[in-house]
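The values are calculated or read from the model by the stated rules, or taken from the named source; none is laboratory data. Bear in mind that the values here come from a model prediction, so they are computed numbers and not experimental data. Note: ideal-geometry Cβ built from the backbone for every residue, glycine included; neighbour counts use all protein chains shown. When the accessible area is computed, the model is the full protein with side chains, heavy atoms only, and any ligands, DNA or RNA have been set aside. Shrake-Rupley method; radii C 1.70, N 1.55, O 1.52, S 1.80 Å.
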Amino acid sequence: MTETGFEKVPARDRRRFPGISSRAYEHPADRSALVALRRLTGFDTVFKTLSGLLPERSLRLLFLSDSVRVGETQFPHLHAMLRDACHILDLEKVPQMYVQQDPHPNAMCIGLDEPIIVVTTSLVELLDEEEMRAVVGHEVGHALSGHSVYRTILLFLTNLALKVAWIPLGNVAIMTLVTALREWFRKSELSADRAGLLVGQDVTASMRGLMKLAGGNHLHEMNVDAFLEQADEYEKGGDLRDSVLKILNMLPRTHPFTTVRAAELRKWSQSRDYQRIMDGHYPRREEDKDASVTDSFRESAAHYADSVRTSKDPLFKLVGDIAGGAADMGGRLRDKFTGAAGGSGTDTASEGKDGATGGATGRG
């Protein structure tokens, strides 16, 4: 980095994405989970009520009084990263950013009217410059996607659930919303990881950052390839009991497991979608009003179908086999009653079809 006064200029050139829409980097599961969340009974009512009741001004005063606000004279290197991230993603208004004393490495983007970015001292101490750049880009991605509103409500409801835990029905109702919000937020993290890569434009640094969140500041003892092998082992290992345990382990979390995040980000960094963005071909914000909701549903459905089809998880494979078997049986019944496949319905044709079906089943 070179310095001119308090302004820091990046030591290497990175592409900028004028007018980029968050649709460019949003994970299909993020969009579909948010749609499902909004369809949850009572969510609209709760959302509108909380939007008017949440003490956002109090929240801002809390950080102002008990954290360090990032600026030209306080954490100037983070201030430069924040401005740089907003410049790359073309976010016109730079959010306020605070550093909070906390032994746990964490970062978040909250706020209803205007997003606030908060990073902990532990995270700042843990990551190097390029790793931290990806984290700042991650949080700016949350801001650009409008995630801060739902994150704020999740924090409020989680705290509320603890206070009313003694009220059975009240706690059940709140935890239903909290569980749905957590499911969405886990998916939104995958979107924000992509935004962080667009800002940092260094996939190795993004991988290192995620690995450090899992294993601490011991890079000489860790290896990115071995770390990604863990993700593969986690996905395909075990039996149906392990698949159920994975789900139970995930439910109380707001973030996906770090190995899974690393694998997802590496996969996207090698995709045609990422390359098209880097080449300057991406959806613009000015086109958002004309974006098709149906296309988003279709893309999300295709993503889930492909995830089930290609997953190595035993439960997903079972679901895929059952779905494939049901589709195959439906096709055979249709052919039987409509005289398809040549129209003859002869034993020879049936044997040929059965043989093909058997081969396909065997491969599954």
Using a 1.4 Å probe, how large is the accessible area of K93, given in Å² and rounded to the nearest 10? 130
Taking 0.36 nm per residue of sequence separation and subtracting the Cα-Cα distance, how much length would be gained by fully extending the chain between Q101 and E114, in nm to one decimal? 2.4 nm
How much accessible surface area, in Å² rounded to 10, belongs to the heavy atoms of Y234 with a 1.4 Å probe? 80
Taking only protein heavy atoms and a 1.4 Å probe, the highest-to-lowest accessible-area order of D66, D225 is D66, D225
What does the highest-first list of 121-129, 214-222 look like by mean Cβ count within 10 Å? 121-129, 214-222
Measuring from a point 7 Å past the Cα of T204 along Cα-to-C-beta, which residues in region 214-238 have an amide N at less than 13 Å? 224-225
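Leaving ligands and nucleic acids out of the surface, order R133, R194 by accessible area at 1.4 Å, largest first.
Ranked from most to least accessible, the order is R194, R133.
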Projected convex hull area of region 61-103, Cα atoms, direction-averaged, in nm², equals 3.6
For D193, what accessible surface area do you get with a 1.4 Å probe? Give it in Å², rounded to 10. 20
Please arrange E130, E233, E287 by accessible surface area, largest first, computed with a 1.4 Å probe and ligands excluded. E233, E287, E130
